[in-house]
Amino acid sequence: MSDLNDPRVFFAAERTLLAWNRTSLTLMAFGFVIERFGLFMRLLLPDQGGHHIERGISFWVGIAFIILGAYSATISTVQYRKIIKTLKPVEIPAGYSVNAGVITNLIVALLGIALTVYLFIAQ
């Protein structure tokens, strides 16, 4: 439990949550780029006698980055909620929503999972 009685503690926790949000978005975007670059490289290769193009290593690495991004969004939300529970009411500004960042992170995590499912289906 915090003994500072200062709202800056809450805002520091929120900034940290939003930094993790940016990190998770970056990981997912990087994973998508890796996955699509592998597809692009396979399209540039000459046709292998009509054989179905198999998923390469770039597909699996890209999917891993997307899942890592979704995981980091989820786990940072859990950590943030743990910190918020330790704060006193005086440390949270009156009328300020503490759930906006949580909702944003959970939506990002769900979109990451949806992107992973889409890439599996579209392949």
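The values are calculated or read from the model by the stated rules, or taken from the named source; none is laboratory data. None of these values were measured; they are calculated from a predicted model. Every residue, glycine among them, receives a Cβ derived from its backbone with ideal geometry; neighbour counts consider all protein chains shown.
Within the stretch 82-112, being exposed (fewer than 14 other Cβ atoms within 10 Å of the Cβ) and either modelled with pLDDT of 90 or more or assigned to a helix (DSSP H, G or I) (or both) holds for Lys82, Lys85, Thr86, Pro89, Val90, Asn99, Ala100, Ile103, Ile107, Leu110.
Of all residues in the stretch 101-114, none that is farther than 10 Å from Tyr71 by Cα and free of Cβ contacts under 8 Å to residues at least 24 places away in the same chain has its Cβ atom under 7 Å from the Cβ atom of a residue that is surrounded by 18 or more Cβ atoms within 10 Å (Cβ to Cβ) and of a type outside the set (S, T, N, Q), 6 or more apart or on another chain.
Looking for something among the β-branched types (Val, Ile, Thr) and buried (at least 17 other Cβ atoms within 10 Å of the Cβ) - is there at least one such residue anywhere in the stretch 24-36?
Within the stretch 24-36, the subset among the β-branched types (Val, Ile, Thr) is 26, 33-34.
Right, trim to buried (at least 17 other Cβ atoms within 10 Å of the Cβ) and you get 34.
Within the stretch 24-36 (the criterion being among the β-branched types (Val, Ile, Thr) and buried (at least 17 other Cβ atoms within 10 Å of the Cβ)), the answer is yes, since at least one residue qualifies.
For the residues Gln48, Gln79, the requirement of being polar (S, T, N, Q), out of contact with any helix residue (DSSP H, G or I) (no Cβ under 7 Å at 6 or more places or on another chain) and either at pLDDT below 75 or farther than 25 Å from Gly112 by Cα (or both) singles out Gln48.
Within the stretch 12-27, residues that are within 14 Å of Ala109 (Cβ to Cβ) sit with their Cβ atoms under 7 Å from residues that are of a type in the set (Val, Ile, Thr), at 6+ positions apart or across chains, in these pairs: Asn21/Thr104; Asn21/Val108; Ser24/Val108; Leu25/Val108.
If you check Arg8, Arg42 for being within 28 Å of Leu115 (Cβ to Cβ) and either assigned to a helix (DSSP H, G or I) or modelled with pLDDT under 95 (or both), only one passes: Arg42.
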